[in-house]
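The values are calculated or read from the model by the stated rules, or taken from the named source; none is laboratory data. Keep in mind that this is a model prediction, so the values were computed, not measured. Cβ placement follows ideal geometry from the backbone for every residue including glycine, while neighbour counts extend to all protein chains displayed.
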Amino acid sequence: MSYLSLDSFINILEKNNEIIRVKEFVNPELQIAEIVDRFSKSNNGGKAILFENNGTKFPLLINAFGSNRRMCLALGINNFDDISKDIEKILKDFSFNNSRLIDKLKMLPKISKIASYLPKTTNRKAACQEIVNMQPNLYEFPIMKCWPNDGGAFITLPSVHTINPNSGTRNVGMYRMQIFDKNTTGMHWHKHKGGAQHYAEYKKIGKRMPVSVTLGGDPAYTYSATAPLPDNFDEYLLAGFIRKEKVKLVKSITNNIEVPEDVDIVIEGYIDPKEELILEGPFGDHTGFYSLADYYPKLHVTCITYRKDAIYPSTIVGIPPMEDVWIAKATERIFFTPIKISVVPEIIDINLPQEGVAHNITLIKIRKNYAGQALKVMNALWGAGQMMFNKILIVVDDNLEIDLNNYSELSEYILKNIIIDTDIYFSKGPLDVLDHSSQKFTFGSKIGLDLTTKFEEEKKQKNIFKSNIAPTPDVITEIENNFDEIVQINCVEKKPELVIVSVKNGNKEQLKILIDKLSVISFFQLAKVIIFVEWNVDVFDLSMCTWIVAGNIDPQRDSIVINSKHIDLSQIWVDATKKTAKNDNFERNWPNIIVSKDKTIKEVDTIIKLINHGELIASPSLKYKKLLFGDNAIAEE
């Protein structure tokens with residue numbers, strides 16, 4: 001299903017009762033983000049919201065992809081596996097090896113069908129160029145400042161078009177854009193991304209780099225810009241495949257880059273690779289932490305065009321769940337088949353928990369046939385496209401009948417069956433630019449957990465962990481009272497395998513001393529995994545703990561494996577506290593988590609009652625602001 005415009009998608013959302021129109025004035029600076037954060041974390045992602053009164057002539061659409069249902073509506077499908085099944089059929093058809101002429105002839109209609117999805121250039125007058133402004137002014141759009149410590153207002157849902165100057169191949173990626181003045185923005189593309197690679201080529205030849213940025217149009221365009229496609233694979237072939245109709249392109253006004261003719265807004269410009277980079281950020285990012293200020297290229301805007309009825313699309317990211325969780329879920333399901341066919345044919349299922357913010361935690365189920373296969377899968381995935389950013393990879397096999405979406409049962413199985421000595425593997429490799437935990441920028445360690453059924457060759461030690469004795473509350477209270485460093489202890493699910501401990505005034509050496517003291521206590525000797533978090537983390541909120549732990553650890557650096565004398569098995573102690581230069585010789589700034597200011601919360605309390613017919617949705621920031629260390633983007637030591 002294809003959409004003729006963003007407005008046509010809004011009509012579908014209205015027919016399905018998935019959108020709210022807000023006619024009251026709401027400020028794009030901080031207020032809209034605070035409202036959307038409340039809806040995003042409501043049941044099933046709340047509603048999409050169209051802010052019609054935002055101080056500009058352009059309505060602002062946000063949270064449009066913020067649920068499973070809305071994401072499916074955006075892509076014109078019933079469920080994400082529909083696209084995956086279509087991809088699987090095509091790949092199987094084309095991989096079928098038969099030299100008979102009749103079989104080759106049978107493939108011609110299928111080739112023709114795929115060719116029909118290829119983008120096509122048109123010379124007709126484009127809807128996206130109904131209004132042409134050769135004196136561009138970005139301030140005419142309701143560009144949001146999302147969080148209090150953001151470096152400014154950011155375009156958050158752009159499709160950035162660039163061309164490789166050598167091959168002429170197109171890349172469409174989604175990179176945030178900070179507004180510096182009416183016709184200048186930052187271009188925050190990470191070093192691993194296609195746009196950054198094109199920039200490097202322009203820098204080599206010393207020529208200006210043309211860039212065109214689109215907003216709106218068919219949601220398939222926006223999704224395709226986020227998709228983890230191989231290098232040189234045209235994003236608009238994927239968009240055509242999703243919408244079952246080719247994307248029609250038109251040349252930009254001031255450069256030769258082609259863009260979809262039916263998008264809502266086009267921002268044209270160039271980047272001069274001879275110019276010095278500009279300091280961009282901070283920005284409240286999808287990790288739930290601020291990505292801190294750094295130097296990126298500067299985009300000079302030469303022209304802005306748009307539809308007469310243009311709508312400005314936006315998104316916010318922050319502590320999960322938010323809208324990007326559902327975009328990631330679509331990617332998880334859609335790209336399951338290509339991963340299975342081209343990388344790990346033994347894979348049965350994959351799951352990216354929202355607390356892992358797309359790249360920190362991955363769950364895999366495989367069909368196991370030989371010893372060492374789980375390790376083979378880990379290495380294959382850590383070397384496959386954007387999976388190289390994964391930090392925690394857990395592998396189970398088809399003997400386990402638990403659904404990967406059933407996190408409670410899966411966690412119980414893992415903790416009951418894991419043998420620290422034999423089932424944990426550490427590796428090193430690239431990390432996401434947004435990962436704040438590693439000692440070195442974009443490089444650090446990874447951890448793999450092999451929870452598959454073991455073949456004889458893999459067995460080193462039997463799991464003799466038998467105890468299911470839960471400690472009494474009095475025992476835990478006594479330990480908390482006897483150690484000044486300890487704030488709270490949670491023996492998870494009142495079972496001994498996992499213990500989460502919040503501590504204060506800790507550093508690496510102090511924690512080692514604390515481990516020595518705690519490891520002789522019988523309660524801790526029964527545990528397999530003991531995790532330290534900061535004093536202000538609620539150890540009984542397992543979703544919060546999972547997000548914090550996955551974000552804060554460099555697995556190999558922050559893990560200590562020791563032998564428990566009580567059960568004659570190794571146990572792992574994990575330091576998921578924040579790291580500082582003073583306490584840990586940490587060489588980088590540690591970011592703060594993302595929350596709204598009290599002033600904004602109070603302002604929105606009044607507005608949201610009007611939007612939500614008198615019912616107040618409490619601000620999620622009230623829950624998370626206790627995790628702050630100071631008021632700035634950089635956490636205080």
The residue that is nearest to the chain's Cα centre (by Cα), considering only those in the range 240-260 that are under 25 Å from D324 (Cα atoms) and modelled with pLDDT under 95, is I242
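Quick check on this structure: which one of E412, E355 is touching a residue at least 60 places away in the same chain (Cβ under 8 Å), acidic (D, E) and in contact with a Ser or Thr (Cβ under 6 Å, 6 or more places away or on another chain)?
Details: E412 fails: in contact with a Ser or Thr (Cβ under 6 Å, 6 or more places away or on another chain).
Only one candidate passes the filter, namely E355.
Considering the range 438-469 alone, what residues qualify as being aliphatic (A, V, I, L, M) and at pLDDT 95 or above?
Step one: of the range 438-469, the residues aliphatic (A, V, I, L, M) are 447, 449, 451, 464, 469.
Selection gives I447, L449, L451.
Need a quick list: strands (runs of 3 or more DSSP E) entirely within the range 279-389 having at least 3 residues that are in the same structural domain as R208 (by TED's automatic domain parsing).
294-296, 298-306
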For the range 602-637, give me each residue that is more than 20 Å from P320 (Cα to Cα), touching a residue at least 12 places away in the same chain (Cβ under 8 Å) and polar (S, T, N, Q).
N632
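So that you can scan it fast, the table gives a plain yes or no per residue for (1) in contact with a Cys (Cβ under 8 Å, 6 or more places away or on another chain); (2) farther than 22 Å from D309 by Cα; (3) in the same structural domain as L299 (by TED's automatic domain parsing):
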site: K120; (1), (2), (3): no, yes, yes
site: C128; (1), (2), (3): no, no, yes
site: Q135; (1), (2), (3): no, no, yes
site: T156; (1), (2), (3): yes, no, yes
site: R176; (1), (2), (3): no, yes, yes
Considering only residues that are of a type outside the set (S, T, N, Q), modelled with pLDDT of 90 or more, surrounded by 12 or more Cβ atoms within 10 Å (Cβ to Cβ) and more than 22 Å from the chain's Cα centre (by Cα), which ones fall in the range 611-634?
L616, I617, A618, L622, K626, F629
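Quick one: which of F532, F540 is free of Cβ contacts under 8 Å to residues at least 60 places away in the same chain, within 25 Å of the chain's Cα centre (by Cα) and buried (at least 23 other Cβ atoms within 10 Å of the Cβ)? If you could, list the steps in order and put the result at the bottom.
Working: F540 fails: buried (at least 23 other Cβ atoms within 10 Å of the Cβ).
Of the residues listed, the single one that is free of Cβ contacts under 8 Å to residues at least 60 places away in the same chain, within 25 Å of the chain's Cα centre (by Cα) and buried (at least 23 other Cβ atoms within 10 Å of the Cβ) is F532.
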The range 171-208, subset touching a helix residue (DSSP H, G or I) at 6+ places or on another chain (Cβ under 6 Å), in a strand (DSSP E or B) and not aliphatic (A, V, I, L, M), residue nearest to I278 (Cα to Cα):
G173
Per-region count, the range 1-60, residues touching a strand residue (DSSP E or B) at 6+ places or on another chain (Cβ under 6 Å), touching a residue at least 60 places away in the same chain (Cβ under 8 Å) and not aliphatic (A, V, I, L, M)
6
Name the single residue, out of those in the range 406-430 being part of a loop (DSSP other than H, G, I, E, B) and modelled with pLDDT under 95, that is nearest to the chain's Cα centre (by Cα).
I418
Filter the range 503-559 for residues that are closer than 25 Å to E637 by Cα and part of a strand (DSSP E or B) and give the result.
V503, I530, I531, F532, V533, E534, S559
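With the condition kept exactly as written, say whether any residue in the range 3-22 is more than 25 Å from the chain's Cα centre (by Cα), more than 30 Å from A126 (Cα to Cα) and modelled with pLDDT of 90 or more. Talk me through it step by step, then tell me what you get.
So in the range 3-22, the residues more than 25 Å from the chain's Cα centre (by Cα) come out as 3-5, 7-8, 11-12, 14-17, 20-22.
Still in the running and more than 30 Å from A126 (Cα to Cα): 17.
Then keep just the ones that are modelled with pLDDT of 90 or more; that gives 17.
Among the residues of the range 3-22, at least one is more than 25 Å from the chain's Cα centre (by Cα), more than 30 Å from A126 (Cα to Cα) and modelled with pLDDT of 90 or more, which makes the answer yes.
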Taking I608 as meeting all but one of (1) β-branched (V, I, T); (2) assigned to a loop (DSSP other than H, G, I, E, B); (3) in the same structural domain as S291 (by TED's automatic domain parsing), write down the number of the exception.
(2)
Any chance K340 is within 29 Å of Y221 (Cβ to Cβ) and surrounded by fewer than 22 Cβ atoms within 10 Å (Cβ to Cβ):
yes
Per-region count, the range 10-22, residues more than 14 Å from G66 (Cα to Cα) and buried (at least 20 other Cβ atoms within 10 Å of the Cβ)
1
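Considering each of S559, S543 in turn, give the residue that is in the same structural domain as V501 (by TED's automatic domain parsing) and out of contact with any strand residue (DSSP E or B) (no Cβ under 8 Å at 6 or more places or on another chain). I'd like the intermediate steps shown before the answer.
Values: S559 fails: out of contact with any strand residue (DSSP E or B) (no Cβ under 8 Å at 6 or more places or on another chain).
Testing whether each residue is in the same structural domain as V501 (by TED's automatic domain parsing) and out of contact with any strand residue (DSSP E or B) (no Cβ under 8 Å at 6 or more places or on another chain) leaves just S543.
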E268 fails exactly one of the following numbered conditions: (1) within 29 Å of F9 (Cα to Cα); (2) in contact with a His (Cβ under 8 Å, 6 or more places away or on another chain); (3) among the acidic types (D, E). What is the number of that condition?
(2)
Give me the residue from the range 120-134 that is assigned to a strand (DSSP E or B) and of a type in the set (S, T, N, Q) and, out of that set, surrounded by the fewest Cβ atoms within 10 Å (Cβ to Cβ).
T121
